[in-house]
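Structure record follows, encoded as structure tokens.
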Protein chains: 2
Amino acid sequence: MSNSRRKSEPVDPKEVPKAVVSRLSLYLRELQHLLAAGHATTSSGRLGRQLGFTDAQVRRDLAYFGHFGQPGVGYRCGELIAAIRSILGTDRRWRVVIVGVGNLGRALIGYKGFGSQGFNIVAAVDVDPSITGREVEGVPVYPLDQLDSIVREQGVELGLVAVPAATAQKAADSLVTAGVTGILNFAPVTLNLPDDVSHVGVDLATELEQLCFSVANRGSQP
Amino acid sequence: MSNSRRKSEPVDPKEVPKAVVSRLSLYLRELQHLLAAGHATTSSGRLGRQLGFTDAQVRRDLAYFGHFGQPGVGYRCGELIAAIRSILGTDRRWRVVIVGVGNLGRALIGYKGFGSQGFNIVAAVDVDPSITGREVEGVPVYPLDQLDSIVREQGVELGLVAVPAATAQKAADSLVTAGVTGILNFAPVTLNLPDDVSHVGVDLATELEQLCFSVANRGSQP
């Protein structure tokens, strides 16, 4: 659907390991910091060091997607940012709807990181009539049964599931029926979705577990 | 600090790739689902299939930490859950404090996934006097300047940073000064922290970018 966007494609994007794609986001964020701090160029060594990877790792990851950087110059931050955004598909705006306007939904609506990375939250839906018909930080909240028309009329492609675990599958089903092609799920459950709908689950407890592992194993190092 | 907890340790935990540790959390969650659904045992093939990994990947990941499973039986879900929790360090409760009681802080306080995985949010702090002195879902909210005494008196080990990007470093510094050993940062900025404090950053835009990559590259597959 979007392959025409990319200039060179040494490897089929579907052959690229997930871990590499997830590091692309880290490289992108670090390059954005570097550019904002006035650095026009950087090196694989510097980029890696900031993130805790080797320079070889950085070069190997980027090599999946083409040739970047020049000998003696390194990477031009602005160019590499544009290239990574093109690879990730975030070189254009994505229209996003949120299902669930509880604390998590409100937090996601207010999250500044989305807008700056290319995501427009155009609407939210909820089943609670005391919330619908209003705006939260400029985002209109509609009744759940208007999801189909919102997705169709506003060209929404991605949906965020921000409801409790017990109703997450139902929320996701509604998004699929409405026609979104990607779902980001914040509820701590695994969703069953059709193969033609991409989805990523954000399990916040997983992040805490990773932190625990690091804290718990700190003591064994001198 | 916590190595005595583990029985066998074929590889130094610090030598284990991050990606393997992060998959442990996925295995754990899937095993918990299987056990809850009445499955006493499972196989590397089944576990992998549910999560989109090969059986070889599952076996290789677990082999970092010891010998699990039996020929002809597979893995006993309960035993493997206990083993993974011991590896991750979540076979005990962790005491957690949240800095920032805006929408995100409230969402984190109400997030059911934390309590079920071993994390006790014992307190929250905020600078806004209209919020402090109250409780949010049973969690008391104190003024920021009481952070030191909360951490000391309640034996808090982990801190969640749920403040806006502009004040995240300051919040993290306060947590370090107070004595926490691990920080989970939700603000979309990179924190500078001492080497003896573990930290994990949760960049929600990164998760959306991963979803985009998947959606954007779907069309090239027949």
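Tabulated values for the structure
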{"item": "B/A buried area, accessible surface, summed, 1.4 Å probe, Å²", "result": "6000 Å²"}
{"item": "Distant alpha-carbon pairs in the protein assembly as shown (separation over 33 angstrom), percent", "result": "38 percent"}
{"item": "Listed peptides A:187-197, A:128-138 by packing density, highest first (mean Cβ within 10 Å)", "result": "A:187-197, A:128-138"}
{"item": "DSSP-defined beta bridges in segment A:94-206 - what % are antiparallel, rounded to 5", "result": "10 percent"}
{"item": "Exercise: per-residue mean of other protein chain Cβ atoms within 10 Å, B:109-118", "result": "5"}
{"item": "Stokes-Einstein D for segment A:83-222, Kirkwood Rh over Cα pairs, 25 °C, 0.890 mPa s (µm²/s)", "result": "152 µm²/s"}
{"item": "Of every Cα-Cα pair in segment B:159-222, the percent that sits beyond 18 Å", "result": "44 percent"}
{"item": "Surface share of carbon and sulfur [accessible, 1.4 angstrom probe, percent] for segment A:3-88", "result": "52 percent"}
{"item": "Integer Hz, Karplus 6.51/-1.76/1.60 couplings in order for segment B:174-182, x for Gly and Pro", "result": "4, 5, 5, 4, 6, x, 5, 10, x"}
{"item": "Label distances, nm, B:PRO129 versus same residue in remaining copies, Cβ-directed 7 Å point", "result": "4.1"}
{"item": "Antiparallel %, DSSP beta bridges [both residues in chain B], to 5", "result": "20 percent"}
{"item": "7 Å along Cα→Cβ, label-point gaps from B:ASP196 to other copies, nm, shortest first", "result": "5.8"}
{"item": "Cα gyration tensor shape for segment A:1-151, rounded if a/c is under 1.5, else prolate or oblate", "result": "prolate"}
{"item": "Calculated FRET value between B:ARG92 and B:LEU51, using beta carbons and R₀ = 22 Å, to 0.05", "result": "0.30"}
{"item": "Residues with amide H under 5 Å from that of A:HIS199, placed H, sequence gap 5 or more", "result": "A:ILE183"}
{"item": "In sequence order, calculated HN-Hα J values of segment B:68-80 (Karplus, 6.51, -1.76, 1.60; Hz; x Gly/Pro)", "result": "10, x, 9, x, x, 10, x, 9, 7, 3, x, 5, 5"}
{"item": "For segment B:120-172: rounded, prolate or oblate by the Cα gyration tensor [a/c cutoff 1.5]", "result": "oblate"}
{"item": "Peptide B:22-32, shielding by other chains (average Cβ, 10 Å cutoff)", "result": "3"}
{"item": "Modelled FRET efficiency - R0 35 Å, B:LYS170 with A:ALA19, Cβ distances, 0.05 increments", "result": "0.60"}
{"item": "Backbone HN-Hα couplings from phi across segment B:23-30 [Karplus 6.51/-1.76/1.60, Hz, Gly and Pro as x]", "result": "6, 4, 4, 5, 4, 4, 5, 5"}
{"item": "At 7 Å out from Cα toward Cβ: B:GLY155 inter-copy label distances (nm, ascending)", "result": "5.7"}
{"item": "Cβ neighbours within 10 Å from other chains - mean over B:150-160", "result": "1"}
{"item": "Whole-number accessible area per residue in Å² for chain B, which is evaluated in the context of all protein chains at 1.4 Å", "result": "45 Å²"}
{"item": "Whole-angstrom gap from segment B:23-91 to segment A:152-222, using each part's C-alpha centre", "result": "21 Å"}
{"item": "Cα gyration tensor, segment A:3-88 - rounded (a/c under 1.5), prolate or oblate", "result": "prolate"}
{"item": "Residues with amide H under 5 Å from that of A:TYR142, placed H, sequence gap 5 or more", "result": "A:ALA124, A:VAL125, A:ASP126, A:GLY133"}
{"item": "Cα centre as origin, Lys/Arg/Asp/Glu Cβ charges: the protein assembly as shown dipole, Debye", "result": "900 debye"}
{"item": "Chain B: calculated mean residue ellipticity at 222 nm from DSSP helix runs of at least 4, using -39500 (n - 2.57)", "result": "-13000 deg cm²/dmol"}
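The values are calculated or read from the model by the stated rules, or taken from the named source; none is laboratory data. Bear in mind that the values here come from a model prediction, so they are computed numbers and not experimental data. So basically every Cβ, Gly included, is an ideal-geometry build from the backbone, and we count neighbours across all protein chains shown. SASA here: full protein model, heavy atoms, side chains in, ligands and nucleic acids out. Shrake-Rupley method; radii C 1.70, N 1.55, O 1.52, S 1.80 Å.
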